[in-house]
Each structure stands twice: as C-alpha cells, then as structure tokens.
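Below is one structure, written out as structure tokens, with a few remarks after it.
The values are calculated or read from the model by the stated rules, or taken from the named source; none is laboratory data. Everything numeric here is computed off the predicted structure, so don't read it as measured data. As a convention, Cβ positions derive from the backbone with ideal geometry for all residues, glycine included, and neighbour counts pool all protein chains shown. Remember, those area values only see protein heavy atoms, side chains included, never the ligands or the DNA or RNA. Shrake-Rupley method; radii C 1.70, N 1.55, O 1.52, S 1.80 Å.
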Amino acid sequence: KSMLDDVPLHVVADPSMDLMLLEMNSLTTFPHNLTRLTCLTELWLGHNHIRTVDPEPLVAMTCLELLSLSCNEIEELPTTLSCCTELQQLICAANRLTGFKEGTLGGLENLVHLQLPYN
C-alpha cells in the first residue's frame, strides 16, 4: 500500500485551494511547499509520522482556521504558529508535546478550540 511521504508540487499548484486532507500518510515533516496555498483554511495532517513542524510554512498560513496535527510524534510547536491569526481550532492530541514556548499561542485571539489529550 503506497502512502505519501511528501506533498508533490502539482498537488499544491492551485493557490485558491482552501482545504487539504493529508491524514493517514507517511509524512515525517510538516510539508514545506504548503506555503503556496495562501487561501488554505483547513489543514488535516493527523495520523502521519511528523516529528517536527517547520516554522516557515506557518508564517504564510494567515487564513488557516483549523489545523489538525493529531496522532503524530511532535514534541514542540514553533512560535510562528502565532502568525496563524485566524486559527480557531488547534487539534494536537496524541503527540509528544510537553509544553509550549512563550509566544507560541500568543496572537491567536480567534482560538476557541484547543485539543491536547494524550501527550
């Protein structure tokens, strides 16, 4: 059974895409080429093998309202998460998070739903 271990460029060719479902694949890092999707409002990355979240792509995701990173191996979220000022739902259940650096959730004034069980 073949699963994605990266997001091909042709998949992110349309910058008007607003929803990306990448759950249940073999991703080990936060896909860097998602920065092309400037209209993205929902990003589902659960049930992969993501260990690190590259801070740079988050800076471009200013329209993101929902980010699901559940069931990965993430130990820390970057402070650039605070650039996602429209973020309303952050789902990070079942990772390896032990806390947040100061400023990581700062600026997320629209955040109304935060899931952190099983970390």
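Descriptive notes on the structure:
- Taking the alpha carbon gyration tensor of the stretch 1-83, multiplying each eigenvalue by 5 and rooting it gives semi-axes of 18, 16, 11 Å, largest first.
- The chain: calculated mean residue ellipticity at 222 nm from DSSP helix runs of at least 4, using -39500 (n - 2.57): -1000 deg cm²/dmol
- GNM top mover of Ser68, Ser16, Ser26 - the chain, alpha-carbon springs below 10 Å: Ser16
- Within the chain: Cβ-based charge dipole about Cα centre, in debye rounded to nearest 20 (Lys, Arg +1; Asp, Glu -1): 220 debye
- Note on surface exposure: Leu34, Leu111 rank Leu111, Leu34 by accessible area, highest first, 1.4 Å probe.
- For the stretch 1-70, accessible area per residue (1.4 Å probe, heavy atoms of protein chains only), Å²: 51 Å²
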